[in-house]
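Some notes on the structure that comes next.
The values are calculated or read from the model by the stated rules, or taken from the named source; none is laboratory data. None of the values given here were measured: they were computed from a predicted structure. No Cβ is skipped: glycine too gets one built from the backbone with ideal geometry, and neighbour counts run over all protein chains shown. All accessible areas refer to the heavy atoms of the entire protein, side chains included, with ligands and DNA or RNA removed. Shrake-Rupley method; radii C 1.70, N 1.55, O 1.52, S 1.80 Å.
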Amino acid sequence: MSAKNTHISDVLVIGAGLAAERSAIECASAGLNVIILSLVPPRRSHSTAAQGGMQASLANVAMGKGDSPEIHFADTVKGSDWGCDQEVAKMFCETVPSMIRQLDYWGVPWNRVTAGKKKYASGIETEDTKDKEGLITARDFGGVAKWRCCYTSDGTGHTVQFVVDTQVCKLGIPVHDRMEAIALIHDGETCFGCVARNLRNGELNVYLAKSTIIGTGGAGRIYAASTNAVINEGTGGAIALATGVVPLGNMEAIQFHPTGMPPVYILMTEGARGDGGYLLDKNMHRFMPDYEPKKKELASRDVVSRRMVQHIRAGYGVTSKYSTQQHLWLDIRHLGRQWVWKNLREIATIATNFNGIDPAKELVPVIPTQHYTMGGIRTNKDGAVYGLQGLFAMGEAACWDLHGFNRLGGNSLAETVTAGFICGKQVAKYTLGQTRNFNMKMVDGFVKKEEERIKNLISGKNGRENAYEIRDAMGTAMMDHVHIFRTGKSLEQGVAKLQELYKRSLKIGLHSSGQGANPELAQALRMPGMVRTALCVAYGALMRTESRGSHFREDYPKRDDVNWLTRTLAYWKEGADLPTLNYEPVACPILPPGDRGYGEASAGPKGK
Amino acid sequence: MGRKLTISCFRFNPNIPGDKPRMQDYELEEYEGMTLFVALNDIREKLDPTLMFDFVCRAAICGSCAMLIHGRPRLACKTMTRTLPSKFTVMPLPVFKLIGDLSVDTGTWFRDLQVRAEAWIHTNKKFDFNALEVRMENETAEKIYDPEQCIECGCCVANCITANIRPDFIGSTGINRVYRFLIDPRDERSDADYYDVIGNEDGTFGCVGLMACDDMCPKEIPLQENLAYVRRKMAAAGLKLKFQGVKIS
Ligand SMILES: Cc1cc2nc3c(=O)[nH]c(=O)nc-3n(C[C@H](O)[C@H](O)[C@H](O)COP(=O)(O)OP(=O)(O)OC[C@H]3O[C@@H](n4cnc5c(N)ncnc54)[C@H](O)[C@@H]3O)c2cc1C
Ligand code: SF4
Ligand code: SF4
Ligand code: FES
């Protein structure tokens, strides 16, 4: 390892999405020297794809009148099915309004309240008064008591990521893009940074720092069909898990979004239903009110997704040229051409581009699709990772545990910046009090190990298994066995298949030379970690014999607060082919477990 | 049965000693709804694992995948193969530094642009955690959102005559970025401040106005209008500075 490839800073930030950049700003503003690494330039991070908006109880729009952090808190806890950390949720709900306003100060063009009487397509009539005019407005979203989802048309993630990145540019924080972290450097107690592979030329680099932040986003691509970007392979969690001392929390808690659009499963934002869109079946019947008379299409995502699959299973699914599997329809025609092409322009464009559908006059095919990883690298409320000092995690990659077993729409973007702010401050505080001596022999050991892996992949020393075949088989196993409806038997089969794939993933060999920034090598390096992550999801789901939020066991359909008011902690011991699961209690100090007000527990009449 | 497609790809990996630029043909069968995202991944996963290209969102949102498709800069992820002849070429975008095959370094180019154009809100106000947001007309917010939608794909830059010969020219995307801040009431810069940054040949006056960029934009940003606005403003600012006796370059 030549010196030119070693970079030393106070803080190393792995990832350049919203959570990562927001925390980097906090550290740089405290006078610390920060380096950001990322697979892609910051403005291409997956955060830019978020369309719908960010939850914050500003209470400006008429339908948000009387909103408060307390009501936001209650919605979040119910949404999580009492699986979240209530202290974190409280802190989050109290802080997020000022985060929205700070983003405004930095330049996000939030849509604003306009005064006057309004009639929404959903039939709701309201009047926004003059005293609120010009303040930040909000739209409706699933699972909420008040309208509090702040937005910029339907490009919220884009505008927020771009604006946060302007601050990173302004502060002059260096970003090393096309640089992939492939292993953490640690001694079992403290994290010292990471080994990274340069995706421009294939060279290995070493990053050493007093504090390391992981903000690498979700792991959606362990499923064959996901709304996530193709780079969301969960590598940040995988390298933390590989240390053997850091646990992933609640990996079985995977969110399926009701409206992914086949055949490529691009997301149709929840804003479409928030703005008054319906779901229709093959008979053009609007079926959600049959199952959920109160919240209809706007029950929480886990509930709507299950109701949709239930309805398809009951024989009401649509067969069409758009998909090899049966689907349902999203209908936003009644919102009118002007509304659709202005407020829902992004999805209107996507439907046109990818299916030739104009949603102002045609129906859009939709199907519940993997969307969000509630679980992640387990941290305390300061963002400090369990098991290793000097390591922090934020955003979708982390299990700070704002979301428990189901995340509310609009709470994730809000989490990224809020966690980046709150935990970023804690990282700064921690880092300012630290000195580090780096043991270069140990560092070299980590580099050698990665060099060895690469050499073996190229030479085929361990075998010639194909990285892409293993990825596809893993994705299919997750679709077949670890999806919306889960049963013990099917999960067992899924776990067995994944264990087999894990063994094969250790025998991958390249089918190309592996020279330079070879993309096959990148995939091959990720595969064992991805299968381990998938096993944490599948095995966690198998062992959790209850239903909570998005984790639904047909053989254990009830929530079980007596035995399962717990958080799963999955560890990976060296040489194992299954994670070791521990559990920690989930406290409910503010809102004791109760009825969510929607979903199977408080079901209305069954569908026809 | 779908058509048989022949995709002729530019190949060159500068990191492999002795590698030479060339075109390589790949044949594959087309199917319903096939995009170039699907086609190129099929090639990489089934035919040639060395092929380099970039996709992130595969939904025309992130700007990663622009390339010259059948001679025109486009986003590969939203290009349906059925809109192309059965034999076509794919080449990396010009102007940007080549990383390998179809992959180019737009990231560094755009970062440099943001820093040179100081593309962030300049204000002397301090943020107050306890204060309400400053009010703004919804119309103004929507007006800012329009140019803000640029995804930094580089299609407009690739097609621009000036950008192809002048390495420091900020391109229509850069001028559009400045426009976004010019119309934002939160940015306190004066026209003269902007003039300092882009009132030169690498900025707005480098543009020759032939509008080769205009209908390249996948986000349909009205580049022509926005460029004209900035040029008018900067020309006026330049005149004013001249009258004030400020020496301008
Ligand atoms: C289609 C879609 C729409 C959504 N809409 C909404 C919405 O409307 N509201 C809402 O609240 N939430 C929404 N979400 C969820 C939300 O967008 C994400 O959870 C959130 O943006 C994640 O942000 P992040 O900062 O944690 O990670 P990301 O934005 O995913 O960033 C991850 C970063 O890590 C980098 N990285 C990853 N691995 C490595 C590695 N090994 N080495 C170096 N760098 C690495 C990547 O390059 C990237 O920069 C949506 C999600 C999807 C899929
Ligand atoms: S109009 Fe200006 S920016 Fe656009 S292509 Fe021509 S020279 Fe380039
Ligand atoms: S202005 Fe349009 S074409 Fe140019 S970089 Fe931005 S999105 Fe791409
Ligand atoms: S992959 Fe994001 S724009 Fe094409």
Candidates B:Glu139, B:Glu118, filtered to the one that is on the phi > 0 side of the Ramachandran plot, open to solvent by 10 Å² or more (accessible area, probe 1.4 Å) and either away from ligand 4 (no atom under 16 Å from the Cβ) or assigned to a loop (DSSP other than H, G, I, E, B) (or both): B:Glu118
So which residues in segment A:256-290 are surrounded by fewer than 24 Cβ atoms within 10 Å (Cβ to Cβ), part of a loop (DSSP other than H, G, I, E, B) and among the charged types (D, E, K, R)? A:Asp275, A:Asp281, A:Lys282
Within segment B:215-237, count every residue that is within 16 Å of ligand 4 (Cβ to nearest atom) and assigned to a helix (DSSP H, G or I). 1
Which count do you get for residues in segment B:143-174 that are within 13 Å of chain A (Cβ to nearest Cβ), under 20 Å from B:Val115 (Cβ atoms) and not acidic (Asp, Glu)? 6
I'd like the full set of residues that are in contact with a helix residue (DSSP H, G or I) (Cβ under 6 Å, 6 or more places away or on another chain) and either farther than 28 Å from B:Ile161 by Cα or within 16 Å of ligand 2 (Cβ to nearest atom) (or both), limited to segment B:60-80. B:Ala66, B:Pro73
Any pair with Cβ under 6 angstrom, 6 or more apart, that starts in segment B:47-69 at a residue that is more than 7 Å from every other protein chain (Cβ to nearest Cβ) and ends at one that is within 15 Å of ligand 3 (Cβ to nearest atom) and of a type in the set (Gly, Ala, Ser): B:Asp54/B:Ser64; B:Cys65/B:Ala76; B:Ala66/B:Gly154; B:Met67/B:Ala76
Residue pairs meeting the criteria (Cβ under 7 Å; at least 6 apart or on separate chains; first among the charged types (D, E, K, R), in segment A:343-370; second surrounded by fewer than 19 Cβ atoms within 10 Å (Cβ to Cβ)): A:Asp358/A:Thr352; A:Lys361/A:Arg333
What number of residues within segment A:230-248 are among the small types (Gly, Ala, Ser) and under 13 Å from A:Ala398 (Cβ atoms)? 4
Residue identified as open to solvent by less than 10 Å² (accessible area, probe 1.4 Å) and at pLDDT 95 or above among A:Leu204, A:Leu135: A:Leu135
Suppose we filter segment B:175-227 for residues that are among the hydrophobic types (A, V, I, L, M, F, W, C), within 11 Å of ligand 2 (Cβ to nearest atom) and away from chain A (no Cβ under 13 Å); how many remain? 11
B:Thr79 being more than 16 Å from ligand 3 (Cβ to nearest atom), in contact (Cβ under 8 Å) with a residue 40 or more places away in the chain and of a type in the set (Val, Ile, Thr): no
Among helices (runs of 4 or more DSSP H) entirely inside segment B:157-211, those with 3 or more residues being in contact (Cβ under 8 Å) with a residue 24 or more places away in the chain, more than 16 Å from ligand 1 (Cβ to nearest atom) and surrounded by fewer than 22 Cβ atoms within 10 Å (Cβ to Cβ) are B:161-165, B:191-198
Among helices (runs of 4 or more DSSP H) entirely inside segment A:470-575, those with 2 or more residues being over 22 Å from A:Ala238 (Cα atoms) are A:488-505, A:561-564
Any residue that is assigned to a loop (DSSP other than H, G, I, E, B), open to solvent by 50 Å² or more (accessible area, probe 1.4 Å) and not assigned by TED's automatic domain parsing to the domain that holds B:Gly206 - is there at least one of those in segment B:92-113? yes
Looking at the structure I just gave you, is A:Val163 within 9 Å of chain B (Cβ to nearest Cβ) and open to solvent by less than 10 Å² (accessible area, probe 1.4 Å)? yes
Scan (1) closer than 23 Å to B:Met211 by Cα; (2) open to solvent by 10 Å² or more (accessible area, probe 1.4 Å); (3) not assigned by TED's automatic domain parsing to the domain that holds B:Glu188 for the single condition B:Gln149 breaks and write down its number. (3)
One residue is enough: does segment B:199-217 have a residue meeting the conditions in contact with a strand residue (DSSP E or B) (Cβ under 6 Å, 6 or more places away or on another chain) and at pLDDT below 95? yes
For A:Arg464, are the conditions met, namely being open to solvent by 30 Å² or more (accessible area, probe 1.4 Å), within 14 Å of another protein chain (Cβ to nearest Cβ), of a type outside the set (Phe, Trp, Tyr) and away from ligand 4 (no atom under 16 Å from the Cβ)? yes
Matching residues, segment A:64-89, being assigned to a helix (DSSP H, G or I), closer than 19 Å to A:Gly395 by Cβ and open to solvent by 10 Å² or more (accessible area, probe 1.4 Å): A:Glu87
